[in-house]
Amino acid sequence: MNIKKSWWKWLCIPLGLYVLLVGMLVPLKPGITSIDNFNATAGQPFSVHVKGYNSNFDIAENLKAFLRLDSSFLIQHALIKVNGPTDLQLQFDIPNFLPTSEDYATGTLILDNEVDGPSILPAVIRLEQANINVQDGNNLWSKTSLNLASVEKGFKFPHRNILNETIRNTFFHVAIWFAMFFLLILSLINSIQYLRLRSFEKDINASSYAEVAILFGLIGIATGSVWAKYTWGAFWISDVKLNMSAVALLIYVAYLILRASIQDIDSRARLSAAYNIFAFVAMIPLIFVIPRMTDSLHPGNGGNPALGGEDLDNRLRMVFYPAIILWSIIGYWLSNLNIRVKKITEQLISKK
Amino acid sequence: MLHNIIHIIKHEVLLDYRQKFSIAGTVLFAIASVFVVEKVFQEIKVFSWNAIFWILFIFVSLNSMVRSYAKMTNKRYHYYYTLYDPTDLSLAKIVYNTFNLFFLACVLYFFMSWFTIDPITNKPLFFGALFLGSLGIGAMVSFVSILATKGENSHTLLAILSIPLLIPTVLLLLKITAAASGILNDSSITTDFTFLAAIDLLSIGLSLILFPSLWRN
């Protein structure tokens with residue numbers, strides 16, 4: 001095998017190893033998995049049992065816990081008891097009044113120590129008050145800004161609530177759909193070239209890329225479905241992004257059916273090239289425009305951030321971008337094999 | 001160009017007038033489906049009315065489109081080929097199909113409101129949506145039916161190829177109809193209209209670009 005000519009195939013091996021090993025083995029940052037008490041009342045002590053993840057409560061010496069309202073008001077823990085490395089018993093003395101004119105507020109739990117750094121469980125604790133006194137509330141809750149320990153030890157992926165370990169699926173679900181778009185664009189370019197040049201080779205290329213892209217689309221839906229099960233609670237929900245993705249796949253499966261139903265080689269190539277162009281353009285509003293117009297659970301739609309902000313931090317990017325390159329190369333490789341098989345089949349048929 | 005388009009449309013109308021049974025068949029299909037809906041549902045809710053209306057409309061328009069291209073035999077293709085520019089021909093087809101579908105949609109609405117209920121409170125909004133919908137579905141389905149008639153089993157193929165392509169249009173139409181019948185209070189209806197028009201323009205543009213490479217054998 002000529003290494004210079006097929007260097008990109010060899011590149012797959014280190015890239016694949018890197019994505020699999022680093023993507024699956026790098027630990028998550030410490031975080032909070034669950035708490036057992038969600039309701040607090042003003043003027044009463046609030047005790048809660050906290051389960052940590054990857055945390056080292058037993059080693060840490062300077063343990064701190066905060067209950068924060070909005071972005072400015074907070075109280076510190078009254079009592080802290082370590083039961084184990086990931087097990088903590090907390091007690092807060094909630095002041096008599098809340099700094100709000102409503103009868104409830106939502107609190108965020110923040111843990112901090114010098115070994116793990118801060119772990120946050122946002123907006124889970126509901127605080128209620130019987131009498132409202134904003135003035136006293138403002139005085140009772142301290143308005144100091146938090147000085148959290150900044151711990152940057154080792155290479156770790158961010159810990160997100162609900163997502164937890166499934167955050168690694170970014171390297172598969174998201175990256176495989178990126179690769180699918182790469183293949184669909186290659187298929188589109190080949191279809192346009194077929195209509196211009198009428199070379200039979202372009203038709204074989206376009207159909208091969210589209211077939212592998214459909215395979216990648218199905219894998220993307222499958223991995224997304226598993227992800228949905230562990231974050232949203234069901235394999236499939238009636239969400240606009242999911243429905244539109246399914247429709248986009250239907251459009252491309254229809255492309256294969258169109259190809260299969262026309263016997264004449266020339267008219268099959270011509271018609272399917274035209275349909276491929278139409279399908280690609282029709283897919284853009286389906287996947288990129290409509291889901292952004294309506295509410296959706298899927299990141300990147302209806303106000304949810306996708307590739308940016310807190311969701312994709314620089315450490316995830318260091319694996320995510322190589323993963324996109326890896327899956328694109330694998331898709332390109334698979335398509336090339338597909339193209340070669342088709343060409344040989346054509347030659348065998350014409351020899352007969 | 002305009003002269004040619006008008007000429008082709010006149011020709012189409014004349015052809016349809018000579019084969020009255022064909023368009024009457026489509027209208028009868030619409031009436032029969034509405035009658036089945038009335039019998040099946042007994043008492044129909046506004047939301048179901050909207051959904052059923054657009055589902056029936058998709059099937060009526062697919063039916064009518066198959067008819068429109070089935071009559072384009074090979075000999076007639078050759079005849080058109082010597083006479084007209086492909087862009088003129090596809091524009092004329094789109095215009096004719098749009099009015100054809102708009103007419104069928106009005107027939108469908110008339111019988112739906114006669115046999116069941118008439119939930120539409122905002123008539124201009126509804127008919128605006130009907131027109132834009134007919135334009136989009138007309139452009140898309142006339143493009144796809146050229147592909148489908150070349151394959152085997154063209155009825156099934158037309159449905160398989162066009163229904164996924166029609167889904168975004170139909171979803172928008174469903175939303176606008178829901179607003180027009182007062183069950184959805186949405187201030188972003190103008191956005192939906194713009195979006196519908198954008199999809200229509202996209203499909204018309206694509207048909208115009210791709211048709212010349214499709215029609216010659």
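Note on the range B:136-158: among residues that are more than 17 Å from B:ASN97 (Cβ to Cβ) and not hydroxyl-bearing (Ser, Thr, Tyr), the one that is farthest from the other protein chains (Cβ to nearest Cβ) is B:HIS155. You will find that of A:LYS241, A:LYS229, the residue that is without any contact (Cβ under 8 Å) to a residue 40 or more places away in the chain, in a helix (DSSP H, G or I) and more than 9 Å from chain B (Cβ to nearest Cβ) is A:LYS229 and no other.
Among the residues of the range B:8-16, some residue qualifies, meaning at least one is farther than 30 Å from B:ASN122 by Cα and among the acidic types (Asp, Glu). All of A:PRO305, A:PRO285 fail the test of being assigned to a helix (DSSP H, G or I) and modelled with pLDDT under 90, apart from A:PRO285. Residues considered: B:LEU174, B:LEU108, B:LEU125. Of these, the only one that is in contact (Cβ under 8 Å) with a residue 40 or more places away in the chain, outside any loop (DSSP other than H, G, I, E, B), over 28 Å from B:GLU12 (Cβ atoms) and more than 14 Å from chain A (Cβ to nearest Cβ) is B:LEU125.
Scanning the range A:170-202 for residues that are among the polar types (S, T, N, Q), surrounded by fewer than 20 Cβ atoms within 10 Å (Cβ to Cβ) and within 25 Å of A:ILE287 (Cβ to Cβ) yields one hit, A:GLN193. Before we move on, is A:TYR255 on the phi < 0 side of the Ramachandran plot and surrounded by 15 or more Cβ atoms within 10 Å (Cβ to Cβ)? Here the answer is yes, as A:TYR255 does meet what is asked.
Within the range B:159-170, does at least one residue satisfy the condition of being in a helix (DSSP H, G or I) and more than 11 Å from every other protein chain (Cβ to nearest Cβ)? Among the residues of the range B:159-170, not one is in a helix (DSSP H, G or I) and more than 11 Å from every other protein chain (Cβ to nearest Cβ), which makes the answer no. Restricting attention to the range A:65-91, the residues that are in contact with an Asp or Glu (Cβ under 8 Å, 6 or more places away or on another chain), part of a loop (DSSP other than H, G, I, E, B) and closer than 18 Å to A:GLY52 by Cα total 1. Is it the case, given these coordinates, that A:PHE320 is within 14 Å of chain B (Cβ to nearest Cβ), surrounded by 15 or more Cβ atoms within 10 Å (Cβ to Cβ) and at pLDDT 80 or above? Criteria not met by A:PHE320.
Taking first residues from the range B:192-216 that are more than 8 Å from every other protein chain (Cβ to nearest Cβ) and on the phi > 0 side of the Ramachandran plot and partners that are aliphatic (A, V, I, L, M) and crowded, with 20+ Cβ neighbours inside 10 Å, no Cβ contact under 7 Å between residues at least 6 apart in sequence or on separate chains turns up.
The values are calculated or read from the model by the stated rules, or taken from the named source; none is laboratory data. Here the structure is a predicted model, which means the values were calculated and not measured. Here the Cβ is made from the backbone with ideal geometry for all residues, glycine too, and neighbour counts use every protein chain on show.
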